[in-house]
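Working notes for the structure below.
The values are calculated or read from the model by the stated rules, or taken from the named source; none is laboratory data. This one's a predicted model, so the numbers in the text were calculated from it and none came from an experiment. As a convention, Cβ positions derive from the backbone with ideal geometry for all residues, glycine included, and neighbour counts pool all protein chains shown. Each accessible area value is taken on the protein alone, full model and side chains, heavy atoms only, with ligands, DNA and RNA left out. Shrake-Rupley method; radii C 1.70, N 1.55, O 1.52, S 1.80 Å.
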Amino acid sequence: MSTRIWRPLRAVRRDGRLFTVLALFAPLPLLAQSSGTIQGRVVASDGGVPIVGAFILVDSATRPSAQTDGDGHYHIPNVAAGAHTVQARRVGYAAGSKSVTLDAGAIATADLSLTSTAASLAAVTIIGTRGDLAETRERLLQIAGGVDVVEPAEIRSTRQANLNDVLRFTPGIYVQSRFGAADESQISVRGSGLRNNFHARGINLLVNGMPYRNADGFTDFESLELLTTDAIEVYKGANALRYGGSTLGGAINLDTKTGFTASPVGAFAEGGSFGFGKAQVSSGADHGPFDYYASYAHTTLDGFRQWSDQRRDRLNLHAGYRLSSTTDARAFYFFAHVREHLPGSLTQSGLDSNAKAADPTNVASRWGRDYDLQHVGVQLRTQLTPSQRIDVSPYLQYRDIDHPIFEVIAQISHDWGAELRYENTARLVGRDNRLTIGVQPAYESMHNRQYQNLQGNHGALTRDEQDYVTTLALYAENALSLTSRLTATAGLRFDNSTRKVTDDFLSNGDQSDRRTYAPVTPRLGLMYTLPRGSQLFANASRTVEPPLLLELSSFGNPGGFTNLRAQDAWQYETGARGEHAGLRWDLSLYDVELRDEILNLNVQPFPGAPFTVPTYRNAPRSRHYGLELGLARPLANGLFVRGTSRDQLTLRAAYTFARYEYVSDPTYRGNEIPGAPRHYVSGELAYAHPSGFSVAPTVEWVPTGYFVNSANTVKNGAWSNLGFRAEWAIANAGVTAFANGRNLADRRMSASVQVDNAAGKYFEPSDGRAFYAGLRWSR
């Protein structure tokens, strides 16, 4: 295991770019900052017994600055002088806080007394409250692996057009829009998206903890509205045991706004280059036991390229009601109406000569995607005792798609599913313990038809079948504190999944077939918390990912499903996270050993065909390994402004090293698996003035080219994207004005690619120089 873990670090060390990133942070002093120390003791209110292992947070920090020792003491050095709020959190106790004023060079004491949590949801666990978000942060800090949470303020400070905007500072995720400001993206988490030339596979995308994907795992992006998103949880690989431990990439969960986190009246308007426009009206409030949130958002985009215009209408409705002091319920509904044209990918010569051009075949046949989606879900949470909780979350989804590509795909699908989850935090053998048990059934029924494409219209019928997916997942995970600082986690997940097709179009043979997959996926982890709150972790876990329906029935199957096996992977991971002397870090090293990795090929259906169609194959053995590093550090406060309100200069960066390779393959043994860069860096230098003005130059950088075909004969070039974000918040008016610039150097590049395209059309051009501006208002 040690060899597996250190392999990515040795590879990065040889390349030297890790040290380039570290050099940005290591020598930087906390310029012009006067600081002191905060210390104290945390005890239980009933008897004054010291509370061991409580997390200590300062102000609005999302990660702890310290953790209490065996006597309940904590110590936080290098805290900026001024007024602060110190908060203590510990499972089984209500959070406590205290305000202190710290002078430069002095020591301030903040002792806290915590009360055992009562059997009531009113204080900390109502679904959708800030207390619920705080519980999410605390739960993430108890996972012995690579996880992250993107906070509300981080989301609001972006363009909020697609996942690249909000996830670019989460190391380990490579996500790039295929068509500029549109939602459709290439996304890869630890290599999960390498088989993905359209939409998303290998990762579970969820809304409020519920899948909005089809039951077989197929996912798109067009239904997600980031203006309604309050926080984003990221669980890499098998760290997403609860949210689908069968996927290599893990899970990304979007928690949406509620009446507790939204304003009674809100409006948003943004416009910019290439016909981009986005508008939203919203309202949210709580009245006694009832709360609600409603949002309507409209997005338009003409596009940098020909035939790349997009239209989105999205409606989000939420309502919650506190049924009793121990039971809380929430229902939510979202609707998406999507219309888009698809310009396709280009050859290298096409990219060089005219990056704005569309593939002529796509225009002539009017390639596009039109669909309506409706999704409704219910969440019921009840506190059985102070240490026991049950959550029940059923959902229903309807999707109607008309999708002209090489043929016109017409699908109507119905999905339903649920999760029943039980949590128990009662102490075990005198130790802190958290037991989670869950059941997740899901079902999909889809009427799947295809027609000849007659300039975007339905021609002769070529496929007519009924597709079915039935899944049942059972999982359990237990985290036991072996000591006050060392926690061991053991988990197990069982999935039983069936894919079935009943063919009603028999002129080309009977394509009916059925496959069942029943993997068992274990997970083991250790986490050690250092005295000042930093954490060390290591884990070993397995994921087994059955193929999707579209992969089983892809081009080339003479009858029934293709001979495609489930993808089987063991992941080994170690890392550290924490904050010290103003520097916050998050580091993971991982090695994933795969058998039968599912990879995408785009083949020409006949010689000289002007388009390609997707097909899939298994690679016998492959390996993904890498290093993920996130850093943030305040460089100065009080740079120009003195007194109690000070300005601040902050630097943050995310660096991902990733190498994916064929270990055993009849054709490509020893080659790199194409589709993602080896090095990816995002950086931001943000200046914030107490008047409400802020400005942040940004950079995305891929310093070396990377292969786009398995033969390793064609590369995508290195690229960089310089940008900025400026904002002025007028607090007493509730107005925020903002401006955003991207690709300021007007580089011609392809941040997103299609791999193994037999026609040589690998490149999806990025937008040229672009500017956006808008207003946000709330009351």
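What the table shows:
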quantity	calculated
Check on ASP503, more than 30 Å from PRO343 (Cβ to Cβ), touching an Asp or Glu at 6+ places or on another chain (Cβ under 7 Å) and of a type in the set (D, E, K, R)	yes
Residue in region 512-535 that is farthest from LEU428 (Cα to Cα), counting only those that are open to solvent by 30 Å² or more (accessible area, probe 1.4 Å) and not in a strand (DSSP E or B)	SER512
Test: residue in region 212-219 that is open to solvent by 10 Å² or more (accessible area, probe 1.4 Å), within 25 Å of SER157 (Cα to Cα) and assigned to a loop (DSSP other than H, G, I, E, B)	no
Of residues in region 101-116 being in a strand (DSSP E or B) and within 25 Å of GLY47 (Cβ to Cβ), the one farthest from the chain's Cα centre (by Cα)	THR109
Qualifying residue in region 308-327 (condition: closer than 20 Å to ARG748 by Cα, touching a helix residue (DSSP H, G or I) at 6+ places or on another chain (Cβ under 7 Å) and at pLDDT 95 or above)	no
Search result, residues across region 686-705 that are closer than 30 Å to ASN732 by Cα and either acidic (Asp, Glu) or crowded, with 17+ Cβ neighbours inside 10 Å (or both)	ALA686, TYR687, ALA688, SER694, ALA696, THR698
Top-ranked residue of region 571-597 - restricted to ones that are farther than 23 Å from LEU141 by Cα and among the charged types (D, E, K, R), ranked as least open to solvent (accessible area, probe 1.4 Å)	GLU597
All positions within region 555-566 that are out of contact with any helix residue (DSSP H, G or I) (no Cβ under 8 Å at 6 or more places or on another chain) and open to solvent by 10 Å² or more (accessible area, probe 1.4 Å)	PHE555, GLY556, ASN557, PRO558, GLY559, ASN563, ARG565, ALA566
Residues being open to solvent by 50 Å² or more (accessible area, probe 1.4 Å) and either touching a residue at least 40 places away in the same chain (Cβ under 8 Å) or within 30 Å of ALA358 (Cα to Cα) (or both) - total across region 641-657	4
Residue among SER282, SER263, SER273 that alone is modelled with pLDDT of 95 or more and within 26 Å of the chain's Cα centre (by Cα)	SER282
Matching residues in region 667-677 - criterion: being free of Cβ contacts under 8 Å to residues at least 40 places away in the same chain and out of contact with any Phe, Trp or Tyr (no Cβ under 6 Å at 6 or more places or on another chain)	GLY670
Selection status of THR489, modelled with pLDDT under 95, β-branched (Val, Ile, Thr) and closer than 30 Å to ALA426 by Cβ	no
Qualifying residue in region 715-722 (condition: touching a residue at least 60 places away in the same chain (Cβ under 8 Å) and either open to solvent by 40 Å² or more (accessible area, probe 1.4 Å) or in contact with a Cys (Cβ under 8 Å, 6 or more places away or on another chain) (or both))	no
Answer residue from region 743-779, given it is open to solvent by 40 Å² or more (accessible area, probe 1.4 Å) and outside any loop (DSSP other than H, G, I, E, B) and is nearest to GLN348 (Cα to Cα) among those	PHE771
Enumeration of residues in region 505-522 that are of a type in the set (Gly, Ala, Ser) and over 15 Å from PRO547 (Cβ atoms)	SER507, GLY509, SER512
Hits in region 490-511 - residues which are surrounded by 16 or more Cβ atoms within 10 Å (Cβ to Cβ) and either aliphatic (A, V, I, L, M) or free of Cβ contacts under 8 Å to residues at least 12 places away in the same chain (or both)	LEU492, VAL501
Answer residue from region 749-779, given it is out of contact with any helix residue (DSSP H, G or I) (no Cβ under 7 Å at 6 or more places or on another chain) and among the charged types (D, E, K, R) and is nearest to ASN196 (Cα to Cα) among those	ASP756
Qualifying residue in region 727-734 (condition: of a type in the set (Val, Ile, Thr), surrounded by fewer than 17 Cβ atoms within 10 Å (Cβ to Cβ), part of a strand (DSSP E or B) and modelled with pLDDT under 95)	yes
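Yes/no per residue for (1) closer than 30 Å to ASP504 by Cβ; (2) part of a strand (DSSP E or B); (3) open to solvent by less than 50 Å² (accessible area, probe 1.4 Å):
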| position | (1), (2), (3) |
| --- | --- |
| LEU420 | no, yes, no |
| GLU423 | no, yes, yes |
| THR436 | no, yes, yes |
| TYR451 | yes, yes, yes |
| THR470 | yes, yes, no |
| LEU480 | no, yes, yes |
| ALA488 | no, yes, yes |
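To keep it simple, each residue is scored yes or no on (1) more than 21 Å from PRO674 (Cα to Cα); (2) surrounded by 20 or more Cβ atoms within 10 Å (Cβ to Cβ); (3) under 26 Å from the mean Cα position of the chain (by Cα); (4) not small (Gly, Ala, Ser).
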| site | (1), (2), (3), (4) |
| --- | --- |
| ALA569 | no, yes, yes, no |
| ASN600 | no, yes, yes, yes |
| GLN604 | no, no, no, yes |
| TYR625 | no, yes, yes, yes |
